[in-house]
Amino acid sequence: MTATPLAHLAHELAILEARGLLRERGARGAGPGSIDLCSNDYLGYRATGRLAAPARRAAAEHPAGAGASRLVSGDHDAHRHLETVLADWLATEESIVFTSGYAANVGAIAALAGEGDLIVSDALNHASLIDGCRLSRARIAIVPHLALEETRRALRGHPARRRWVVTESYFSMDGDAPDLRALRAICDEGEAALIVDEAHALGVMGPNGRGRAAELGVRPDVLIGTLGKALAAQGAFVAGSRDLCRWLWNRARSMVFSTGLSPLLASIAAASAVEARQDDAGRARVAATGTQLRVGLAQLGIAVTSAWGPILPILLGTEERALSWRRELVARGLGVQAIRPPTVPPGTARLRVTANAGLDSSRIERAIEAFGAVAGARL
Ligand SMILES: Cc1ncc(COP(=O)(O)O)c(C=O)c1O
């Protein structure tokens, strides 16, 4: 009997499993009654049901599906409203929404950069930024994580039609951040445009939750934010000049050739953005939760490799170690996730603990006790 065309997959899957790299469905993180330490619901809007009323209203007023690409007939009032709310919040001329952060990054970068251009990209940028760079056909210079001098040198070193610097404002797996002021100066000096992905800072950092660039008084040329993390909805956006948004409307393939964001979700996301904008109490809770977790873990001798913000990586090295910590913490009622390659570089498997405003002090104490029990047997 001849093998079927996909017969090799069983073999490849067995290799992934043997190497501790297999991912199975059903990774719900926090099950009922467990303590959520791995979602990106930083302001706790899912956990606390804060969007339930806006969701009910949205369901009464907006269709679930856009019905077509927005360029065909799928452009709804809910999209326009959301784009106005976001642009107003971020003080940009306009914004344009996408169906996900992945789609926004891939679509925007590939629509902006092209053959003959140079993109300088941080080595730890998110996969969606990397894929956008690859799709653009520009030359890509990958610089060491957060390295300013290498960024400056890369911009100087290559002749290019146009130059772009791509970074995250608060790194998703590491909880650290670039010096955005210095990057802005380097871009200005090197005649490059600065593209900043604020996925993990929007709603959580900066004045009125406007993100880290706003906190530092830096204006990216292209600002990307997601609606599925602190805003607890789904989708993403690019904010910037009117021409930028008009260009993406015309040229971002993930926008042009894809059904528009659900109007229902767009409406919920707009309500969430209005809420997040004024939610200083939520931001204070995220910070307090992060501090309580950092202090508690440090007292147990568990090293957290980030100093601030809602992402607390605990580097464990091997896939096996990360998986066994996870298993035991889950058994003790914690929603934690093991992050393994290719999401992070080989040899840096980790637990990525996240702080969120939905956690109260007693739940965090319980979480720290669970860490103590699991670490006690190992450290
Ligand atoms: C930095 C960064 N950008 C973009 C994305 C993608 O966003 P979305 O989940 O909306 O596709 C993520 C999510 O993992 C992210 O961490």
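The values are calculated or read from the model by the stated rules, or taken from the named source; none is laboratory data. Because the structure is predicted, anything quoted here is derived from the model rather than measured. In this analysis, Cβ positions are derived from the backbone assuming ideal geometry, glycine residues included, and neighbour counts consider all displayed protein chains.
A few points about this structure:
- Selection within segment 235-281 - of a type in the set (Val, Ile, Thr) and assigned to a helix (DSSP H, G or I): VAL256, ILE268, VAL274
- When SER73, SER69, SER100 are screened for being surrounded by fewer than 21 Cβ atoms within 10 Å (Cβ to Cβ) and within 14 Å of the ligand (Cβ to nearest atom), only SER100 passes.
- Filtered by the rule that a residue be among the charged types (D, E, K, R) and either over 20 Å from PRO220 (Cβ atoms) or assigned to a helix (DSSP H, G or I) (or both), segment 81-95 gives GLU83, ASP88.
- Residue under evaluation ILE140, criteria (1) surrounded by fewer than 24 Cβ atoms within 10 Å (Cβ to Cβ); (2) assigned to a helix (DSSP H, G or I); (3) β-branched (Val, Ile, Thr), criterion not met: (2)
- Which listed residue is farther than 20 Å from LEU216 by Cβ, of a type in the set (S, T, N, Q) and within 11 Å of the ligand (Cβ to nearest atom), from SER169, SER128, SER136: SER128
- Among the residues of segment 334-358, the ones that are farther than 16 Å from ILE314 by Cα and modelled with pLDDT under 95 come to 2 in all.
- Among the conditions (1) over 24 Å from the mean Cα position of the chain (by Cα); (2) closer than 21 Å to ARG326 by Cβ; (3) modelled with pLDDT under 95, SER34 misses just one, which is (1).
- Pairing residues of segment 104-120 that are closer than 21 Å to ARG152 by Cα with residues that are among the polar types (S, T, N, Q) and surrounded by 24 or more Cβ atoms within 10 Å (Cβ to Cβ), at Cβ distances under 7 Å and at least 6 apart in sequence or on separate chains, gives VAL120/THR151.
- Top-ranked residue of segment 103-125 - restricted to ones that are within 13 Å of the ligand (Cβ to nearest atom) and in a strand (DSSP E or B), ranked as farthest from PRO346 (Cα to Cα): SER121
- So ALA78, is it in contact with a strand residue (DSSP E or B) (Cβ under 6 Å, 6 or more places away or on another chain), aliphatic (A, V, I, L, M) and part of a helix (DSSP H, G or I): no
- Scan of segment 290-310 for residues that are assigned to a helix (DSSP H, G or I) and over 11 Å from VAL204 (Cβ atoms), ordered by number: THR291, GLN292, LEU293, ARG294, VAL295, GLY296, LEU297, ALA298, GLN299
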